[in-house]
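Trainee: One structure, pasted below without further comment.
Just so it is clear, none of the values below were taken in a lab; they were calculated from the coordinates. Just so we're clear, the structure is a prediction, and the values are computed from it rather than from any experiment. Here Cβ is always computed from backbone atoms with ideal geometry, including for glycine, and neighbour counts include all displayed protein chains.
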């Protein structure tokens, strides 16, 4: 009988590298939009008032929720995964979508909206990173 090697469990640093790679693909279109916006308007206020930041925050929170759903479906830390997924929806995803809508209907977004959307974006990066790393490190069951 052949001796098959056990799959290596992903370490914390490996997981962080994978998640950072995923975040780079979220950052790429924001980088392009930022360069174009700064070239077009020359204004940092216009850049931070761009609705793309709220859109990106909503995507990050939504993807974080998906990560927690997959952890819960695996049965690993099911209750905690459900709780943290709900927190991300209530305090991240929903506010990001509300701020996005408000920025889209305002001719010139207020300083408060610009700051709030940037805070939500940064929070989205942290929440996504935490949830994605947790997903990679959580024990998985073999359904095969």
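Trainee: In which sequence would 38, 28 go, from the one with the fewest C-beta neighbours within 10 Å to the one with the most?
Mentor: With the fewest neighbours first, 38, 28 line up as 28, 38.
Trainee: Taking the Cα atoms only, what angle lies between the long axis of helix 78-88 and the longest principal axis of the chain, rounded to 10 degrees?
Mentor: 10 degrees
Trainee: If packing is taken as the mean number of other Cβ atoms within 10 Å per residue, what is the order of 57-63, 12-18, highest first?
Mentor: Highest to lowest by the protection proxy: 57-63, 12-18.
Trainee: Tilt of helix 94-105 relative to the longest C-alpha principal axis of the chain, in degrees (0 to 90, nearest 10)?
Mentor: Here the helix axis deviates by roughly 30 degrees.
Trainee: Could you please tell me the mean projected area of the C-alpha convex hull for segment 25-137, averaged over all directions and given in square nanometres to one decimal?
Mentor: Its Cα hull, projected and averaged over all orientations, spans 6.9 nm².
Trainee: For the chain, take the longest principal axis of its alpha carbons; what is the angle in degrees between that and the long axis of helix 12-41, to the nearest 10 within 0 to 90?
Mentor: Between helix and principal axis, roughly 20 degrees.
Trainee: Between residue 70 and residue 45, what is the spin-label point distance in nm, taking each point 7 Å from the Cα along the Cα→C-beta axis?
Mentor: Result for the modelled spin labels: 4.2 nm.
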